[in-house]
Amino acid sequence: MAQLSRRDFLKLAAMAPAALAFSQTIMPSPLGTNSPNFIVLVFDAMSADNLSLYGYPRKTTPNIERLAQRSNVYHSHYSAGSFTTSGTASLLTGLYPWTHRAIDEGGQVASAFAQKNIFSLFGKSYDRAGFGQNVWAELLLGEFRSNLDVHLPPGAFSIREQLGGSLFPRDTPVSYYAYDDFLYRLGDSPNSLIFGLLDRFVFGYRLRSISTDGYPSNDKSVENYLNIPHSDNYKIYYKLEDIFRGLLSQIQRLEQPFLAYFHLWSPHAPYAPRQEFIELFKQDGLNPTKKPKHPLGDQLSVDTMNYARLLYDAYVANVDWEFGKFLDELTATGILDKAYFVLTSDHGEMFERGITGHENPLMYDPGLHIPLLVSAPGQKTGSNIYSQTNSVDVLPTLLRVAEREIPIWAEGQLLPGFGGAEDNSRATFTVDAKLCSSFGRLSVASMAMRKNGYKLSYYLGYGKTDWFELYNLQDDPEELTDLFNKDVSTSDIMKDELLTAFNKSSGPLRG
């Protein structure tokens with residue numbers, strides 16, 4: 001696939017006529033015994049800005065690029081949330097965070113929307129499976145458990161796991177909150193001094209039998225096991241090859257037609273690539289654009305950010321390698337010929353402005369720009385779509401191709417290539433309000449609105465003065481020149497539209 005810069009992507013998006021979408025539309029398959037299957041694969045914290053598929057100079061995703069050759073590839077796709085809980089909830093409900101209210105870390109959607117999810121909408125005629133390797137994604141699946149036929153625990157397919165919540169499948173969210181968050185969560189010190197320390201001792205002992213061959217250090221200290229893929233706050237250690245092997249086995253056991261949602265932890269931090277993938281990029285001389293540190297950032301040094309970027313890029317390449325073998329199996333077994341395959345993420349990752357990761361309220365593209373590839377059953381050629389799309393668009397699109405009714409409350413639109421038009425004039429949103437109550441007014445929040453190639457960001461309640469930032473993403477894809485006080489006419493129009501949408505949805509939740 002030819003590689004274009006993001007500047008080229010955005011310029012092409014602005015020029016692409018809306019009518020083109022209809023010439024690329026893939027019509028839904030008929031219902032009945034030949035109803036299509038659906039596989040949704042989410043890579044946690046995978047930023048489109050670090051994928052060679054989207055023009056990144058490091059060759060991080062050759063195997064995802066193979067999938068792109070038979071997929072609709074969305075080049076300007078953004079998450080509605082900036083971290084796992086809000087981004088995942090928007091993907092599964094088709095609602096923005098200020099509506100579904102899964103806005104706090106490890107939270108859930110408001111009870112008024114508990115039955116408004118993709119699993120309930122597909123209905124019992126589908127075999128519906130859910131796997132959240134990230135416990136925060138699992139908390140949402142646990143909330144939707146009455147709409148799941150197969151519900152896999154976060155530790156499934158792991159080489160070592162020790163989660164108390166998994167022992168209580170009838171009410172997994174409460175169990176994870178009570179045991180793995182309150183009593184046993186990893187951190188500086190356990191909340192339960194006696195049981196927490198005992199739990200850590202037992203798990204540390206169990207880790208010593210794990211092979212660490214191929215990872216950066218091969219000594220047998222407990223610290224070395226931190227180099228093996230694992231969750232940061234929960235006791236889950238795994239090998240990527242085991243996860244993909246387990247997913248393939250699970251897919252083959254599902255009754256057709258099925259809807260399978262698999263939310264993987266990788267490449268989320270802590271970044272744990274095998275040594276050979278670190279060596280791929282260690283001496284490549286990549287010199288990222290230097291950007292000013294942000295007052296809401298962590299003020300990290302350039303060297304710290306670049307080293308984290310190296311590990312992250314190597315981890316993405318490692319994940320892509322294992323995904324390639326998974327893709328080969330899906331192809332060889334004929335599974336892809338009978339399924340819509342969706343590859344995406346819940347949010348991105350940043351290595352700029354004094355920040356690494358995504359645990360911040362910033363609205364810059366590396367943290368919000370995510371991959372989206374959708375391959376239809378039997379699709380043989382790829383199609384590139386450059387107009388902006390949002391994670392809330394996935395739910396209505398999958399419902400349409402499954403010939404299910406799209407509910408009037410869904411806030412997304414049909415994706416171009418599946419009945420929707422390429423339209424950069426629509427406003428799409430990203431919301432971060434993790435410091436607010438899920439049921440009250442959103443008084444401390446950051447949000448972004450994209451429209452016509454511009455992005456307006458609004459930071460509310462983080463200091464004495466609220467502020468806006470405006471960027472022309474076509475001419476300034478690195479977001480270096482704030483135009484809010486320079487392009488006043490554009491600022492005023494976008495500010496009015498953003499504040500109208502925000503004020504409509506930011507008050508106390510009403511069921």
- prompt: Of the listed peptides 251-261, 310-320, what is their order by residue-averaged count of other C-beta atoms within 10 Å, with the highest listed first?
  reply: 310-320, 251-261
Computed lengthening from Arg441 to Ser111, 0.36 nm per intervening residue step minus Cα-Cα distance: 117.1 nm
Difference of contour (0.36 nm per residue) and Cα-Cα distance, Gln252 to Val174: 25.0 nm
- request: Using every Cα-Cα pair within segment 160-209, state what percent have a distance larger than 11 Å.
  value: 66
- line: Most exposed first, judged by fewest Cβ atoms within 10 angstrom, Glu349, Glu497 run Glu497, Glu349
field: Furthest towards positive pole of dipole, Pro361, Gly378, Leu480, structure part the chain, Cβ charges
entry: Gly378
- line: Diffing segment 120-125: the Karplus 3J(HN,Hα) column from phi (6.51, -1.76, 1.60, θ = phi - 60°), in whole Hz with x for Gly and Pro, holds 5, 6, 6, x, 6, 6
message: Explain nothing, just the number: relative contact order of segment 160-209, from Cα pairs under 8 Å at least 6 residues apart, as a whole percent.
response: 26
task: For every helix of n ≥ 4 consecutive DSSP H residues, a contribution of -39,500 (n - 2.57) applies; sum these over the chain, divide by its total residues, and give [θ] at 222 nm rounded to the nearest 500 deg cm²/dmol.
output: -8500 deg cm²/dmol
- request: Would you mind working out the magnitude of the charge dipole of segment 160-209 relative to its Cα centre, with +1 at each Lys and Arg C-beta and -1 at each Asp and Glu C-beta, to the nearest 20 Debye?
  value: 240
statement: In whole Hz, the Karplus estimates of ³J(HN,Hα) for segment 186-199 (6.51, -1.76, 1.60; θ = phi - 60°; x where Gly or Pro) are 6, x, 4, 8, x, 5, 9, 4, 6, 5, x, 5, 5, 4
- request: Please give the net charge around Ser446, taking every other residue with its beta carbon less than 12 angstrom from that of Ser446, where Lys and Arg add +1 and Asp and Glu add -1.
  value: -2
message: Using only the Cα atoms of segment 389-495, what semi-axes does the equivalent ellipsoid have when each is the square root of 5 times a gyration tensor eigenvalue? Give whole Å, largest first.
response: 29, 21, 10
query: Under a plain spin-label model, where a point goes 7 Å from the Cα along Cα-to-Cβ, how far apart in nm are Thr481 and Lys59?
result: 3.5
query: Separation between the Leu286 and Arg200 pseudo-spin-labels, each 7 Å from Cα along Cα→Cβ, expressed in nm?
result: 3.3
task: Treating cross-link reach as a plain straight distance, find the lysines whose alpha-carbon is under 28 Å from the alpha-carbon of Lys325, omitting any fewer than eight places away in the same chain.
output: Lys59, Lys235, Lys239, Lys282, Lys338, Lys380
statement: Long-range amide H partners of Thr428, meaning residues 5 or more apart or on another chain whose placed amide H is closer than 5 Å, are Arg450
message: Please report the net charge: other residues with Cβ closer than 12 Å to the Cβ of Leu167, K and R +1, D and E -1.
response: -2
Test item: Cα-centred dipole of the chain, Lys/Arg +1 and Asp/Glu -1 on Cβ, debye: 580
- request: For the chain, state the average projected area of the convex hull of the C-alpha atoms over all orientations, rounded to one decimal in nm².
  value: 22.9
query: Which of the lysines could a cross-linker span from Lys495 if the Cα-Cα distance has to be under 24 Å and same-chain partners fewer than 8 positions apart are dropped?
result: Lys11, Lys434, Lys451, Lys455, Lys464, Lys486, Lys504
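No lab work stands behind these numbers, since they all come straight from the coordinates. Quantities reported herein were computed from a predicted structural model and do not represent experimental measurements. A quick note on method: Cβ atoms are made from the backbone with ideal geometry, for glycine too, and the neighbour counts reach across all protein chains shown.
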